[in-house]
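Take a look at the structure below.
The values are calculated or read from the model by the stated rules, or taken from the named source; none is laboratory data. This one's a predicted model, so the numbers in the text were calculated from it and none came from an experiment. Note: ideal-geometry Cβ built from the backbone for every residue, glycine included; neighbour counts use all protein chains shown. These accessible areas exclude ligands, DNA and RNA; they are computed on the full protein's heavy atoms, side chains included. Shrake-Rupley method; radii C 1.70, N 1.55, O 1.52, S 1.80 Å.
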Amino acid sequence: MDQIFRMDYAAADIALKRIPDNAAAKPYFSGIVCMNRFQDLGDTSALQRAEFFWTQLNAEKSGAFPNENGARLDTYHGLALMQLSYISSLRGERFHSAKLAFSAHSQFDGSNMAEARAGAALFEYYRGRLLSSIPLVEPNLNVPMQRLQVAADSSRYLRDLLRSSLFWMRVDHGEADSALRIPDEFLKRYPRNRLARQMRGSGLFRAGKLSEARLIYEELLQEYALLNLSTSKNLPLGYYKAAGNLARIYSGLGLKHEASAKLALWQKALDSGLSPWLPATLKRDLERLKKP
């Protein structure tokens, strides 16, 4: 996880080799490395490998992991299913995503592992958000958020990943200032992590701190532009996400010419077929920005 956060994915792959083949942690964390490659570099082949690892983990019978107790193995199964649910949601497969999430939740029953409690809290939160769209139904989303906070702080290896989910929950609740404390704390340890800087930029934007958010995304735009030159086989997702964020930031600052230029760059991403991999909220905001 340390190598992932340093964005040294090759070193992370080497570290994975030290995990025994008969440990459920190996396919699970192999998928985590691949997913981070995709989210950071736009490596779609890494996304496919992540899906393979997590699907394989759930396809294996318990006999393949003789050293795992039942609760631990169920927890890894549930965590892998949660990740597969997220991948399905990226593809717009809502029904399949929901089915996988329900299957994941059933794996967490009976386990008191911090990661199982966190997975259950994530499920309860997003089920509550779905129910809140029904008239007269007002689930208390603060309860699963608090449970996730406690569970994340108790997790040895997944603390930072779980806290990133908590960040987006707080942002959704309009708690941008408390949300920002999560990437701020993380960036003290990993100051160059691009994904955490994107999170911080989003939090600053939601908090109305546009000038600060602008500096982050202008830096990320340049950084991803250089990365794209060295990794031409990957999709330039980070570059276009930075451009899209700058379009709405410039618009908010009244910089119409700059906003128009970045909006044109964003449109180039949509025209080239990258839309399924770009953030839904950002797409909605920029679609509104296009309207006269």
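What region 1-94 shows is 47 Å² of accessible area per residue, with the surface traced by a 1.4 Å probe over protein heavy atoms.
Taking the charge dipole of the chain about its Cα centre, with +1 at Lys and Arg Cβ atoms and -1 at Asp and Glu Cβ atoms, the residue from Ser103, Ser89, Leu57 reaching farthest to the positive side is Ser89. Here the accessible area is traced with a 1.4 Å probe on the protein chains. For the chain, carbon and sulfur cover 53 percent of it. Taking Cα atoms only, the orientation of helix 114-131 departs from the longest principal axis of the chain by about 50 degrees. Mean-square fluctuations from a GNM of the chain, with a 10 angstrom spring cutoff on Cα atoms, peak among Leu81, Leu141, Leu255 at Leu255.
Could you tell me which of rounded, prolate or oblate describes region 49-136, using a ≥ b ≥ c as the square roots of the eigenvalues of the alpha-carbon gyration tensor, with rounded for a/c under 1.5 and, failing that, prolate when a/b is larger than b/c and oblate otherwise?
Because a/c hits 1.5 or more and a/b fails to exceed b/c, region 49-136 counts as oblate.
Ranking Ala118, Ala213, Ile19 by how far each Cα lies toward the positive end of the dipole of the chain (charges on Cβ) leaves Ala213 at the top. For the chain, modelled as a GNM whose springs connect Cα atoms under 10 angstrom apart, the maximal fluctuation among Gly31, Gly208, Gly42 occurs at Gly208.
Between Ala243, Ala23, Ala179, the Gaussian network model of the chain with springs among Cα atoms under 10 angstrom shows the greatest mean-square fluctuation at Ala23.
Restricting region 194-292 to trypsin sites (Lys or Arg not before Pro) that sit in a DSSP loop and have at most 12 other Cβ atoms within 10 Å of their own Cβ leaves Lys233. Computed from Cα atoms, the angle from the helix 159-172 axis to the main principal axis of the chain rounds to 50 degrees.
Partners of Lys99 within straight-line reach, counting lysines whose Cα lies under 30 Å from its Cα and excluding those fewer than 8 residues away in the same chain: Lys26, Lys61, Lys241, Lys283. Summarised in one figure, the compactness ratio Rg/Rh of region 1-108, Cα atoms and Kirkwood Rh, is 0.97.
As a check on your grasp of the helix formula, calculate [θ] at 222 nm for the chain: sum -39500 (n - 2.57) over DSSP H runs of n ≥ 4, divide by the residue count, round to the nearest 500. Estimated from H runs of four or more residues: -24000 deg cm²/dmol. Give me the distance between the Cα centres of region 26-104 and region 193-210, rounded to whole Å. Here the two parts' Cα centres lie 27 Å apart.
Where does each of Asp2, Asp160, Asp271 land when they are ordered by accessible area, with a 1.4 Å probe and the largest first?
Sorted by accessible area, descending: Asp271, Asp2, Asp160.
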